[in-house]
Amino acid sequence: MPTLTINGEAHDVTAEADVPLLWVLRDLLGMTGTKFGCGIAQCGACTVHLDGEAVRSCQLPLGAIGTRRITTIEGVGKTPAGAKIQKAWLDLEVMQCGYCQAGQIMSASALLAANPAPQDADIDAAMAGNLCRCGTYVRIREGIKHAARG
């Protein structure tokens, strides 16, 4: 029974080592903020942080996590970069339908934590794996820049 550290809290999990983290979060722990999108790590809806790095939880097996810390959309607002990104998203009304936005916020906050003053190319590279069917990319970019200034 592995113990996962998620958003600063320990969670004992009973699951096979090959179960993707996304299903542990959603089905076993009831943390439904992380979304299921494509299931093949191509859309970014399932993005979480693993020791601060943005990763796709739909393709991350439980057995590969070890003792690394997990941050989900439920906990990212407790980090300085996550709080700035969430405020910027609200200030600029970045969301449209909102389905992909948990993953967008997770990738954006990982970028901002690693690079407090990202340029357009940095933003494009960091956000390239997050798809938005509503096409809010311009607002997402402005949200990241707004958070960097704030």
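The values are calculated or read from the model by the stated rules, or taken from the named source; none is laboratory data. Fair warning: this is a prediction, and the values are worked out from it, not measured in the lab. Cβ placement follows ideal geometry from the backbone for every residue including glycine, while neighbour counts extend to all protein chains displayed. Note: accessible area is taken over every heavy atom of the protein model, side chains too, but ligands, DNA and RNA are not part of it. Shrake-Rupley method; radii C 1.70, N 1.55, O 1.52, S 1.80 Å.
Of the heavy-atom accessible surface of the chain (probe 1.4 angstrom), what whole percent is carbon and sulfur?
So the carbon and sulfur contribution to the accessible surface is 53 percent.
State, in angstrom, two size descriptors of the chain derived from its alpha carbons: Rg to one decimal place and Dmax to the nearest whole number.
14.7, 44
Per residue of region 7-24, in order, report the coupling 6.51 cos²θ - 1.76 cosθ + 1.60 (Karplus, θ = phi - 60°) as ³J(HN,Hα) in whole Hz, putting x for Gly and Pro.
Result, rounded to whole Hz: 6, x, 10, 7, 10, 7, 10, 10, 6, 5, 4, 8, 6, x, 3, 3, 6, 5.
I'd like the orientation of helix 137-149 relative to the chain: the angle between its Cα long axis and the longest Cα principal axis, in ° from 0 to 90, rounded to 10.
90
Considering only DSSP states other than H, G, I, E and B, which GluC sites (Glu not before Pro) in region 1-72 qualify as loop sites with at most 14 other Cβ atoms within 10 Å?
GLU16
With an 8 Å Cα cut-off and a minimum separation of 6 or more residues, compute the relative contact order for the chain in percent.
About 24 percent, as a whole number.
Which net charge results when you count Lys and Arg as +1 and Asp and Glu as -1 among the other residues whose beta-carbon is under 14 Å from that of CYS97?
Counting the neighbours of CYS97, the net charge comes to +2.
Over all distinct Cα pairs, what is the inverse of the mean 1/r for region 80-132, reported as the Kirkwood hydrodynamic radius in Å?
For region 80-132, inverting the mean 1/r across all distinct Cα pairs yields 11.2 Å.
How much accessible surface area, in Å² rounded to 10, belongs to the heavy atoms of ASP124 with a 1.4 Å probe?
Surface open to solvent at ASP124 totals about 80 Å².
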